[in-house]
Amino acid sequence: MRALIKDKKIFAWAMYDWANSAYTTTVMAGFFPVFFKNFWAHDLPATDSSFYLGLANSIASLIVVLLAPILGAIADRGSAKKRFLIFFAFMGAVMSGALVMAGRGEWELAVLIYILATLGYSGSVIFYDALIVNVASHERMDKVSALGYAYGYLGGGLLFMVNVLMTLFPSAFGLADAAQAVQVSFVTVALWWAAFTVPLLLWVEEEKRAEKIGIIAATRAGFQQLSATFHELRQLRVVSLFLVGYWLYIDGVDTIVRMAVDYGLSLGFEQNSLIVALLITQFVGFPAAIAFGYLGERIGTKPALYIAISVYIMVCIYGYFLEAVYEFYILAVVIGLVQGGVQSLSRSLYARIIPKNKSAEFFGFFNMLGKFAAVIGPLLMGWVAVLTGSSRLSILSILVLFVLGLFFLSRVNEAEGVQAAKKLESL
């Protein structure tokens, strides 16, 4: 792993995960949901604020779902992955900082800014993932992908820890109260995100197409290529099988991430205890993601994924029996051990079985499925909870996503996928 860090382009690529994870931890998972209810939408009924918050997330995800494959196709034809990434990254950073402009009760403005920030984050990740083929060889994919997620867990966790301390002890940071501390935290996310994007801007090179092509021609060609990709996906049987399996098990992963705090609250655990659990997951995830990179290289990517998904199956079962806060902390540690592994190994396996010259477009589909993820799971949990009146039974319902995901993953023949991808590249 030390050799990877010494490689400037790999280090710079991984540092973008360090940069953007500040948004996912401090804003998306940490402060925005709580601050939205208690500050921006304090005068709305709780049910209304929950609806508008959910609507904001849905709108941002829907925009990305619609744009991701198209933008990927355009970026491939115009050799513009890096330019698109920079545009979306700085859009996300600026909008994160702009959250400070939304005053108390101004929930409409907060929602608009949040949608734009989330669009910036999600859009940049499409091209960040796609650039892995420009910095890592086939043999190093697992380790490089794992390094990115590891940096993300560490970087996002470090800033989130500082931000949490700011809200707990605002006077120690020269701040008036916790509300001002949260607002300042949004600015720190913007600065962090922008600053640590610079290494990628300087050191990651993108392969240029031989022909020169303008943005209008690239757009036209991108739409044509998108149509062709739908046809190619039918030919790339291995990629199609993987995408179905990935959609199922990553839906389970994202559901646990998004519903864990709500599940803990339903069991009567305190909010501060759940924030501590989130921090635990971040810091455990750092070394664990790196370890899974080595594991994937040692025993194979698919077997390592089998292990990680199997652990999630046990997490669902263990979650059913939770009684005390310390058990929730144990669950946080276990999730931290495998969460980065599932994400990084999925990305590296996918990168191997797609055509390298169409990586942005294919990663557009990959990230589109990621945005569709956590759609089935929460609905399934809610339906089971309403039907049975038990939150504990709802966590067991997620098992079906992991089991089906494992089944489709078992049908993926990596060697066949690599050969099919190389054949398409040569056409």
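The values are calculated or read from the model by the stated rules, or taken from the named source; none is laboratory data. Being a predicted model, the structure only gives us computed values, none of them experimental. Methodologically, a virtual Cβ is constructed for each residue, glycine included, from the backbone with ideal geometry; neighbour enumeration extends over all protein chains shown. Please note that ligands, DNA and RNA were not included when accessible areas were found on the heavy atoms of the full protein model with its side chains. Shrake-Rupley method; radii C 1.70, N 1.55, O 1.52, S 1.80 Å.
If you check residue 184 against the conditions, is it assigned to a helix (DSSP H, G or I), more than 30 Å from residue 342 (Cβ to Cβ) and aliphatic (A, V, I, L, M)? Full working, then the answer.
Numbers: assigned to a helix (DSSP H, G or I): yes; more than 30 Å from residue 342 (Cβ to Cβ): yes; aliphatic (A, V, I, L, M): yes.
Yes: the conditions hold for residue 184.
For residue 86, the stated conditions do not hold, so it cannot be described as more than 14 Å from the chain's Cα centre (by Cα), farther than 16 Å from residue 27 by Cα, at pLDDT below 90 and not basic (Lys, Arg). Entry remark, region 265-278: residues being open to solvent by less than 30 Å² (accessible area, probe 1.4 Å) and in a helix (DSSP H, G or I) number 3 in total. In the set (1) surrounded by fewer than 24 Cβ atoms within 10 Å (Cβ to Cβ); (2) within 25 Å of residue 198 (Cα to Cα); (3) at pLDDT below 90, the condition left unmet by residue 75 is number (1). Checking the stated criteria, residue 156 turns out to be in contact (Cβ under 8 Å) with a residue 40 or more places away in the chain and small (Gly, Ala, Ser). Of the listed requirements (1) out of contact with any helix residue (DSSP H, G or I) (no Cβ under 7 Å at 6 or more places or on another chain); (2) in a helix (DSSP H, G or I); (3) open to solvent by 20 Å² or more (accessible area, probe 1.4 Å); (4) modelled with pLDDT under 90, residue 392 misses just one: (1). Search region 297-332 for residues being open to solvent by less than 50 Å² (accessible area, probe 1.4 Å) and part of a loop (DSSP other than H, G, I, E, B), and hand back the single one that is farthest from residue 348 (Cα to Cα). The qualifying residue farthest from residue 348 (Cα to Cα) is 324.
Would it be correct to say that residue 150 is open to solvent by less than 10 Å² (accessible area, probe 1.4 Å), at pLDDT below 90 and of a type in the set (A, V, I, L, M)? Walk me through it before giving the result.
Working: open to solvent by less than 10 Å² (accessible area, probe 1.4 Å): yes; at pLDDT below 90: yes; of a type in the set (A, V, I, L, M): yes.
Yes: the conditions hold for residue 150.
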